[in-house]
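Notes follow the structure.
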Amino acid sequence: MNNASTPRTPEPFATPEIDKVLSAVSGGIEGNVREHIMQTIEVGLRDYLAGVINLNSLGDLGTPQVMVRVRTFQTILDEFRRLLDDRYATALQHIGLNIGFNFAISLIKILRNANHIPLDLEALLKFWALFDSSAQMGHIAFDFDFGNAREAVVVTKIKHLFLTNGYGSDEPLRHCDFMVGYLYATTDVASMLWTRWIRKSIFAKPEVAWRTTECINAGQERDEVTAFKVGLRPERFPEVRDTLTLAIDACQNGTWVEAMIDARICLENSLLLIARHELGTRFSFGRLLEQLKNVRANLDYEKWRVAYASCSEFAHQVKSHNEIAVLGYLFTVWECVCEAESVELSTEQAGLVVKAKDKYITP
């Protein structure tokens, strides 16, 4: 006899019920949401920048190991900005991407654990906005502008954004590249995970599975409102994103090797789709990547090589595996998937790749 409990049907909610849902889930997460988010930012900053600058040089700013106070956080960001100079914007945006990727996974996990499912993407966005607003990141409002089945925009307005407070007219947007990355990644990953979740439920299936294509800082408006525009388009490689979702689920379930095998499949299938081959085609990853490089496809080839090698070698690593490390690998794979979906070979490029198929297709 199977004594396993039957999963409960999630309780659906639309935009009007968001306040009630937030109250219902807030007791099951960190007692201080703002502190949780600030600590997450701290980890992201230190993990990414530890190899770039000497963190000991920040000692004269107070206690560099503590970033809970917003003003302290801003002061340290200002010092990072001075030390990194023209590398700062790119570094900060990458940190935002990393944190947004992980936060989106946590956001969906919170809702799933509380057994509350948004009925549409707008409800998910509104819940996220209220969640972050309660964390004192600023008063956040999302306006989901569904133009047509081919594109949409999430207009984001944040009043008293914690990154801009206190600067007045002195370059108040100096740290907003973090929000560009954060909004891009959270929107993309939350949409991906939520779409698969609701499509497996008894509720109405969304007609479009959205992916993020860009996030633009639209500047500061009156009353200390900072605006952003997040561009959306339908997923281009839904099969790859299906597998990436499985990898994330496996990671959260503690099956690390399974997660990394799925991650490797994501990379392989992405290359096949870029090169316009059928999924399941047997090929050499390294040699196909080299052919794409030969035709100047717009890919970060070193990132792809490292990501694939990490996935392939993971099962043979002697050291203990853990969720944080695996999520780090999955973040890089997600970056590659997003990059792959933005690549469209010209007819000439595709022809040259196919012409060389004997070099990478295996029997």
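The values are calculated or read from the model by the stated rules, or taken from the named source; none is laboratory data. Here the structure is a predicted model, which means the values were calculated and not measured. Don't worry about glycine lacking a Cβ; one is built from the backbone with ideal geometry, like all the others, and counts go over all protein chains shown.
Looking only at the range 181-208, which residues are over 13 Å from the mean Cα position of the chain (by Cα), crowded, with 18+ Cβ neighbours inside 10 Å and charged (D, E, K, R)?
R196
If you take just the helices (runs of 4 or more DSSP H) that sit entirely in the range 245-323, which of them hold at least 1 residues that are assigned by TED's automatic domain parsing to the domain that holds C336, under 23 Å from A190 (Cα atoms) and within 19 Å of the chain's Cα centre (by Cα)?
Correct list: 256-274, 301-313.
Considering only residues that are part of a helix (DSSP H, G or I) and among the β-branched types (V, I, T), look in the range 324-363 and name the one that is modelled with the lowest pLDDT.
Ranking the candidates gives I324 first.
Collect the residues in the range 219-244 that are of a type in the set (K, R) and not in a strand (DSSP E or B), keeping them in residue-number order.
Those that are of a type in the set (K, R) and not in a strand (DSSP E or B): R222, R236, R241.
Based on what the data block shows, is A152 at pLDDT 90 or above, surrounded by fewer than 24 Cβ atoms within 10 Å (Cβ to Cβ) and not hydroxyl-bearing (S, T, Y)?
Yes, satisfied.
Across the range 263-287, which residue is surrounded by the most Cβ atoms within 10 Å (Cβ to Cβ) among those that are out of contact with any Asp or Glu (no Cβ under 9 Å at 6 or more places or on another chain) and within 19 Å of T332 (Cβ to Cβ)?
A263
I'd like to check something: does the range 303-321 contain any residue that is of a type in the set (D, E, K, R) and at pLDDT 95 or above?
Yes, there is a match, as at least one residue in the range 303-321 is of a type in the set (D, E, K, R) and at pLDDT 95 or above.
Among the listed residues G147, G168, which satisfies the condition of being more than 18 Å from G100 (Cβ to Cβ), more than 19 Å from the chain's Cα centre (by Cα), part of a strand (DSSP E or B) and not aromatic (F, W, Y)?
Among G147, G168, only G147 is more than 18 Å from G100 (Cβ to Cβ), more than 19 Å from the chain's Cα centre (by Cα), part of a strand (DSSP E or B) and not aromatic (F, W, Y).
Of the numbered conditions (1) in contact with a helix residue (DSSP H, G or I) (Cβ under 6 Å, 6 or more places away or on another chain); (2) surrounded by fewer than 21 Cβ atoms within 10 Å (Cβ to Cβ), F178 satisfies every one except a single condition; which is it?
It is condition (2) that F178 fails.
So which residues in the range 265-312 are among the basic types (K, R), free of Cβ contacts under 8 Å to residues at least 24 places away in the same chain and over 22 Å from T245 (Cα atoms)?
The first filter runs over the range 265-312 and keeps only residues among the basic types (K, R), leaving 276, 282, 287, 293, 296, 303, 305.
Applying the additional criterion that residues be free of Cβ contacts under 8 Å to residues at least 24 places away in the same chain yields 293, 305.
The one that is among the basic types (K, R), free of Cβ contacts under 8 Å to residues at least 24 places away in the same chain and over 22 Å from T245 (Cα atoms): K293.
Return yes when D85 is in a helix (DSSP H, G or I), modelled with pLDDT under 85 and under 20 Å from the mean Cα position of the chain (by Cα) and no when it is not.
Working: in a helix (DSSP H, G or I): yes; modelled with pLDDT under 85: yes; under 20 Å from the mean Cα position of the chain (by Cα): no.
No.
Look at H160 and say whether it is within 15 Å of D132 (Cβ to Cβ), at pLDDT below 95 and in the same structural domain as H116 (by TED's automatic domain parsing).
Yes; evaluated as a whole, the condition is true for this residue.
What are the pairs with Cβ atoms under 7 angstrom where one residue, in the range 69-84, is farther than 22 Å from Q136 by Cβ and the other, located anywhere, is modelled with pLDDT of 80 or more? Sequence gap at least six, or different chains.
R81/Y88; R81/R174; L84/A91
Yes/no matrix, rows are residues, columns are (1) in contact with a Lys or Arg (Cβ under 8 Å, 6 or more places away or on another chain); (2) of a type outside the set (F, W, Y):
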residue	(1), (2)
L111	no, yes
K126	no, yes
L130	no, yes
M137	yes, yes
F144	no, no
G147	no, yes
H160	no, yes
N165	no, yes
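What's the total number of residues in the range 209-228 that are buried (at least 16 other Cβ atoms within 10 Å of the Cβ) and either under 14 Å from T187 (Cβ atoms) or not aliphatic (A, V, I, L, M) (or both)?
11
Inspect all residues belonging to the range 212-224 and state whether any of them is in contact with an Asp or Glu (Cβ under 6 Å, 6 or more places away or on another chain) and of a type outside the set (A, V, I, L, M, F, W, C).
Scanning the range 212-224, I find at least one residue that is in contact with an Asp or Glu (Cβ under 6 Å, 6 or more places away or on another chain) and of a type outside the set (A, V, I, L, M, F, W, C), so the answer is yes.
Which of the residues that make up the range 196-217 are in a loop (DSSP other than H, G, I, E, B) and of a type in the set (S, T, N, Q)?
S201
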